[in-house]
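The values are calculated or read from the model by the stated rules, or taken from the named source; none is laboratory data. Predicted model only: the values in this text are computed from it and were never measured. We place every Cβ from the backbone using ideal geometry, glycine too, and count neighbours over all the protein chains shown. These accessible areas exclude ligands, DNA and RNA; they are computed on the full protein's heavy atoms, side chains included. Shrake-Rupley method; radii C 1.70, N 1.55, O 1.52, S 1.80 Å.
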Amino acid sequence: MSAADTQSATAGAAIAGTPLIEARNVTRILSGVVPTTLVHNIDLAIRENEFVAITGPSGSGKSSLLYLLGLLDLPTAGEVLVRGLETTHMAEEDRAHARLTMLGFVFQFHFLLPEFTVLENVMLPMRALGQLSASGMRTRGGELLGSLGLGDHMNKRPDQLSGGQRQRVAVARALANEPPVILADEPTGSLDSKASEQVFEVLRDLVRRHGKTVVAVTHDLGMAARMDRQIELIDGAIVADKTINARG
Amino acid sequence: MNLILDIAWTHVRARVRQTGFAVAGVATGVGFSIMMAALMQGSQDDFTSRLVNTLPNITVSDERRTPPPQPADTHYAAAEIHGLTPEVRRRGIKNPLASMAALEAWVPGAVGPSVKVQAIIRYANHDIATNVIGIDPRRESRVSDLPKQMRGATLNALFRATNAIVIGDRLSEKIGARIGANITLQTSEGAHLNAQVVGFFHSGVRQIDESTAYVLIKTGQILSKQTGLINELRVRLRDPMSSREIAIRVETDTGYKSVSWQEANEDLISTFIIRNIIMYTVVGAILLVASFGTYNIISTITHEKARDIAIMKSLGLSEYTVRSIFVIEAMIIGLAGAALGFLLGYLLCVALGSVEIKNPFLDSDHLPLAYTYTHYLMAGLVALVSSVIAGYQPARKAARMHPVEIIRGAT
Ligand SMILES: Nc1ncnc2c1ncn2[C@@H]1O[C@H](COP(=O)(O)OP(=O)(O)O)[C@@H](O)[C@H]1O
Ligand SMILES: [Mg+2]
């Protein structure tokens, strides 16, 4: 794991100054009888190894922004670049591949495939990518789950786990193909405070120890305060973007 | 296991009952298609083989398709002349032995001489119009299955009495004649002959069994009042299916009208074509209905699994991968349906084959069924292809779904 991380870190350093994800004047309007503006005129750059919180009231467009940054949704205007690469006009096939290799998602609800075991769920993105051997995938999946304290639950089904455990499985799955970025939409929103704290620590460790970048939407201002940077949205626009180095 | 297969199998396995219905639909379609094909093909083959074995594959008669040109035509080329009566020609094939030798030199099969006479058979108040055919019993086995179709006596019995005759079993039933009966033959030319029934034959073709009789060539010639007459050459080919083509060549070669068994039974063969059209229509309809079931279940699964599809797409699985999952599911249903349908089809055939029936048109008291792997292959292939087509549309729709819409809805 660390070898690959060093490699990706050097790759990032080689194009130093290029943001990991960049939104340029991004607007997303939902067409309909009454068109809804989800976000508008967003300019934003997420850099390597940042720990970013997106905050704001309910309905302010936090999720919408995250989907746009994660290439799950397409802007109506403007563009999103990943590692300097324009993605908005890519073929859908290529965006899918970018998600598979560069972006890991964690949603508020765990979103695991119910018929598969925890380990199989974590292996899913690896199998879709098809770079490791079957045993290599197993080993990596086992290591990831072990590092997140789920070593004893690998062969259970998602519905046999607690909410916090499932959310950590989702994190493990997001990390499966070693993406540089994890995007999390209220990852602790449905958890009690103890489980929330565990999931938060997992995300923090990804940034602090493994050089990842984490962008997390959260309601919890206390939690946001413990992150490096807070972006506040109101009515689909960024109203504040504060970087306070909260390391420690 | 391959990821696509793995997920597809998981979806199908978790819905044994629902997919079971779809599989049963396909299996029913395949099973009944196989049964129908076996029945159709069986009766057709049965009938064809009777025709091929009973009648000569090609009959060369002393008629001509176009009347011979009038001498006047050849003399006055520019003028068209109407209303002339054709010259009366001497009946029979000219120089039959030489003609036969010429044909046997190139025709892939055997040629036999015969005399065909229309006669009325008289016996105990019955008058029945009959085709009386003069043959050579020693050569007959080379041109037809008549020797094998004899009942009660061999064909050589024709040598046993003067003016011996062998008649079809249905004809004998009609007139009530037994072996040894003395019947009278009468022709329109005024010939009159007493003959002794020495045996029966049974070809299985009703028309022949009730209106044909065989005598020696010599007897036939007496009946036709023309010594040395040979008015039909009977040809049997090694490959009866090539009769049509060879008949055409024989006709150009000899100038005599040569009729293949297919031509002689043209109306019957077109009946078979109609039957086949009906069969394929019904089979197509059954399989179409079966594919509705497949369409239905695949649509249902894609709806039930909308969230999972959104997850897979958000993880970065391609549209192709997601689509393949559901197409594979349709294929699993098609394959399972085909396999089960093979079993059902076979069992239906066995069951149908064991039913005893009394059918005046058939010889055996069982239905003739053709067991051939091509029916299975065809039905299976059609089932598989139609399942995939039925599954493709919902699969494509599912694969194009935007994950965000579903994720938003679920959050
Ligand atoms: N499918 C939709 N149709 C109509 N309005 C929508 C849809 N999805 C989101 N919205 C609206 O867009 C705005 C932003 O939503 P969202 O990004 O989910 O906000 P947040 O995550 O900050 O709560 C909200 O006002 C929401 O009601
Ligand atoms: Mg939200």
Residues with amide H under 5 Å from that of A:ILE21, placed H, sequence gap 5 or more: A:ILE46, A:ARG83
Just want to confirm a number: the relative contact order over region B:279-408, from Cα pairs under 8 angstrom separated by 6+ residues, in percent. 47
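Please give me, ordered by residue number, the trypsin sites (Lys or Arg not before Pro) of region B:185-270 that lie in loop per DSSP and have at most 10 other Cβ atoms within 10 Å. Write out the running numbers ahead of the final one.
Details: sites: B:ARG206, B:LYS218, B:LYS225, B:ARG234, B:ARG236, B:ARG238, B:ARG244, B:ARG249, B:LYS257; in loops: B:LYS225, B:ARG238, B:LYS257.
Those that pass, being in a loop and sparsely packed, are B:ARG238.
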What distance in nm separates the simple spin-label points at B:LYS225 and B:ASN131, each placed 7 Å from Cα in the Cβ direction? 2.3
What is the angle, in °, between the Cα long axis of helix A:193-208 and the longest principal axis of the Cα atoms in chain A? Nearest 10 is fine, range 0 to 90. 80
Could you tell me the center-to-center distance, by alpha carbons, between region A:125-166 and region A:94-110 in angstrom? 16
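Between A:ILE29 and A:ILE244, what length in nm is gained on full extension when 0.36 nm per residue of separation is reduced by their alpha carbon distance? Spell out each step's value before the answer.
On the way: separation 215, 0.36 × 215 = 77.40 nm, distance 3.16 nm.
Full extension from A:ILE29 to A:ILE244 adds 74.2 nm.
Would you mind calculating the relative contact order of chain B from Cα pairs under 8 angstrom and at least 6 residues apart, reporting the percent as a whole number?
Details: 691 pairs, mean separation 115.1, N = 411.
Relative contact order here is 28 percent.
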At least 10 Å² of accessible area lost relative to the chain alone, listed for region A:116-151 with a 1.4 Å probe: A:PHE116, A:LEU124, A:PRO125, A:ARG127, A:ALA128
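If you put +1 on each Lys and Arg Cβ and -1 on each Asp and Glu Cβ, how big is the dipole of the protein assembly as shown around its Cα centre, in Debye rounded to 20? Intermediate values should be presented prior to the final figure.
On the way: 64 positive and 62 negative charges, 287 e Å.
Its charge dipole is roughly 1380 debye.
How much length is gained on full extension from B:GLN207 to B:HIS366, taking 0.36 nm per residue of separation minus their Cα-Cα distance? All intermediate terms of the calculation are to be shown ahead of the outcome.
Working: separation 159, 0.36 × 159 = 57.24 nm, distance 2.07 nm.
Between B:GLN207 and B:HIS366, full extension yields an extra 55.2 nm.
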If amide H atoms are built 1.01 Å from N in the plane of the peptide, which residues on other chains or at least 5 residues away come under 5 Å of the amide H of A:ALA184? A:VAL106, A:VAL215, A:ALA216, A:VAL217
Cα extents of the protein assembly as shown along the principal axes, largest first, in whole Å, come to 129, 64, 49
For chain B, what % of the accessible area comes from carbon and sulfur atoms, probe 1.4 Å? 59
Mind listing the phi-derived Karplus ³J(HN,Hα) values for region B:383-388, rounded to whole Hz, using 6.51, -1.76 and 1.60 with θ = phi - 60°, and x for any glycine or proline? 4, 5, 5, 5, 5, 5
Dipole magnitude of region B:328-411, debye to nearest 20 (Cβ charges: Lys/Arg +1, Asp/Glu -1, about Cα centre): 600
For the protein assembly as shown, what does the accessible surface come to per residue with a 1.4 Å probe? Please give it in Å². 47
Please turn the phi angles of region A:168-177 into ³J(HN,Hα) values with the Karplus equation 6.51 cos²θ - 1.76 cosθ + 1.60 (θ = phi - 60°), one per residue in order, whole Hz, x for glycine and proline. 6, 4, 4, 5, 4, 5, 4, 8, 3, 9
In whole Hz, with x marking every Gly and Pro, tabulate ³J(HN,Hα) for region B:123-131 from phi via Karplus 6.51 cos²θ - 1.76 cosθ + 1.60, θ = phi - 60°. 7, 6, 6, 9, 10, 10, 5, 9, 8
So what is the 222 nm mean residue ellipticity for chain B from helices alone, if each DSSP H run of at least 4 adds -39500 (n - 2.57) and you divide by all residues, rounding to the nearest 500 deg cm²/dmol? -18000 deg cm²/dmol
Ignoring everything but the protein chains, give the 1.4 Å probe accessible area of A:PHE107 in square angstrom, nearest 10. 10
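Quote the relative contact order of chain A in percent (integer), defining contacts as alpha-carbon pairs under 8 Å separated by 6+ residues. It would help to have the intermediate numbers written out before the result.
Values: 465 pairs, mean separation 66.9, N = 248.
Here the relative contact order equals 27 percent.
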Placing +1 at every Lys and Arg Cβ and -1 at every Asp and Glu Cβ, with all other atoms neutral, what dipole size does chain A have around its Cα centre, in debye to the nearest 20? 480
Quick query: amide H of B:LYS225 versus all other amide H atoms, modeled in the peptide plane; which residues come in under 5 Å with a sequence gap of 5 or more or a different chain? none
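222 nm [θ] for chain A, helices only, -39500 (n - 2.57) per DSSP H run of 4+, per residue, to 500?
For chain A, the value works out to -11000 deg cm²/dmol.
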Picking from B:THR302, B:LEU315, B:GLY255, whose Cα lies most toward the positive end of the charge dipole for region B:246-361 (charges on Cβ: Lys, Arg +1; Asp, Glu -1)? B:LEU315
How much accessible area is lost when chains A and B come together, counting both sides, with a 1.4 Å probe, in Å² rounded to the nearest 100? 2400
Could you tell me how many degrees, from 0 to 90 and to the nearest 10, lie between the Cα long axis of helix B:266-304 and the main elongation axis, the longest principal axis, of the Cα atoms of chain B? 10
Which pairs, out of B:LYS313/B:LYS397; A:LYS156/A:LYS212; A:LYS212/B:LYS305; A:LYS194/B:LYS313; B:LYS116/B:LYS257; B:LYS94/B:LYS116, put more than 23 Å between their alpha-carbon atoms? A:LYS156/A:LYS212; A:LYS212/B:LYS305; A:LYS194/B:LYS313
For the protein assembly as shown, the charge dipole (Cβ of Lys, Arg +1; Cβ of Asp, Glu -1; about the Cα centre) points to a positive end, and the Cα of A:GLY32, A:LEU132, B:THR271 closest to that extreme belongs to B:THR271
Do you know which residues of region A:66-82 lose at least 30 square angstrom of accessible area in the protein assembly compared with their chain on its own, with a 1.4 angstrom probe? A:TYR67, A:LEU72
Under a straight-distance cross-link criterion of Cα-Cα below 20 Å, which lysines are reachable from B:LYS174, leaving out those fewer than 8 residues away in the same chain? B:LYS358
What percent of all Cα-Cα pairs in region B:253-342 falls into each 10 Å bin, going from 0 up to the bin containing the maximum distance? 13, 26, 18, 15, 11, 9, 6, 2, 0
Averaged over A:98-105, how many beta carbons belonging to a partner chain fall within 10 Å of each residue's beta carbon? 3
Rounding to the nearest 10 and keeping the result within 0 to 90°, find how far the Cα-based axis of helix A:118-129 lies from the longest principal axis of chain A. 60
Full-extension gain between B:ASP239 and B:HIS402, please, as 0.36 nm times their residue separation minus the C-alpha to C-alpha distance. 52.4 nm
Compute accessible area for region B:367-410 by itself and then with all protein chains, 1.4 Å probe, and report residues whose area falls by 50 Å² or more. B:VAL404, B:ILE407, B:ARG408
Order by accessible surface, 1.4 Å probe, largest leading, for residues A:LYS194, B:LYS116 comes to A:LYS194, B:LYS116
Working note, chain A: Cα radius of gyration (Å, one decimal) and Dmax (Å, whole number) are 17.5, 52
For chain A, the accessible surface attributable to carbon and sulfur atoms (probe 1.4 angstrom, ligands and nucleic acids excluded) amounts in percent to 52
